[in-house]
């Protein structure tokens, strides 16, 4: 079985160099390493060229992409890969020597269509370990904890983009309808799509060290920013409506608009946090609500376009 590793990068040349060097020093090498960089990012292009001269550097293929955003970079990488399994890493990670070997071993089971591992946060707060990882409730509440997993190999509903992989045959293209945000959820969206074809596994010993560097392109990690809450809420609403069962969709919408989760805060959660002494500005509730309504609109627009395509009324779904 052949493995292609895809690393999208934008204006983080030092992170990219550290990541690529660690991949090339691993016990199990990929069959190819795709580094996707913007055509205007000359520093990252130079790093990729330098790394190609390292031992095992002949595995590196550099791909230039013009459109902004992670989805465009990931899809550009998909277009040129040849591997049967596609492995995705964030450029601000450093995989451990056993990382790819552990991921590859789990694909010996033909029922497995996706494998991910722990992204161990470097210099972050000590949040402890978690037994439940990669969960999703029937009404659309997302459980992450991929950076804290400790219960051994387990089946999960979704993987984390910093350290995930899929069989090519099960992976849909990454969805351009997702907004650029702190939580794009393109990993959750891809996982739920692939999960229709088989099992997704999480191995807490398939570790990458995650440095969680600042994001380029003006995308902030500040989840208290109303605009970030708006974009995150759009992606959450759109993604859940795509993948939840038909009877769970109205329950999810009620839960999302009234309660919310994390930065996608609703009025009930806002009151609860105020009572606990965690002040949140009402602008965040407003931004989150706008994002959820926009996510609903995106879902409905996409579905109408898909139905028209199926009946031959239009030729292309944008």
Going residue by residue through region 51-73, is there one that turns out to be in a loop (DSSP other than H, G, I, E, B), in contact (Cβ under 8 Å) with a residue 60 or more places away in the chain and out of contact with any helix residue (DSSP H, G or I) (no Cβ under 6 Å at 6 or more places or on another chain)? yes
Residues that are part of a helix (DSSP H, G or I) and touching a residue at least 60 places away in the same chain (Cβ under 8 Å), drawn from region 170-186: 186
Report, by residue number, each residue of region 112-143 that is in a loop (DSSP other than H, G, I, E, B), touching a residue at least 12 places away in the same chain (Cβ under 8 Å) and either more than 16 Å from the chain's Cα centre (by Cα) or farther than 9 Å from residue 202 by Cβ (or both). 122, 123, 124, 127, 128, 129, 131, 132, 138, 139, 140, 141
Candidate set: region 149-168, residues that are surrounded by fewer than 19 Cβ atoms within 10 Å (Cβ to Cβ) and without any contact (Cβ under 8 Å) to a residue 60 or more places away in the chain; chosen: the one nearest to residue 269 (Cα to Cα): 157
Looking at region 85-106 only, could you name the residues that are touching a strand residue (DSSP E or B) at 6+ places or on another chain (Cβ under 6 Å) and in a loop (DSSP other than H, G, I, E, B)? 91, 96
Sole exception among (1) surrounded by fewer than 19 Cβ atoms within 10 Å (Cβ to Cβ); (2) part of a loop (DSSP other than H, G, I, E, B); (3) at negative phi for residue 146, by number: (1)
Can you tell which of 19, 51 is over 22 Å from the mean Cα position of the chain (by Cα), assigned by TED's automatic domain parsing to the domain that holds residue 98 and buried (at least 21 other Cβ atoms within 10 Å of the Cβ)? 51
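The values are calculated or read from the model by the stated rules, or taken from the named source; none is laboratory data. Just so we're clear, the structure is a prediction, and the values are computed from it rather than from any experiment. Every residue, glycine among them, receives a Cβ derived from its backbone with ideal geometry; neighbour counts consider all protein chains shown.
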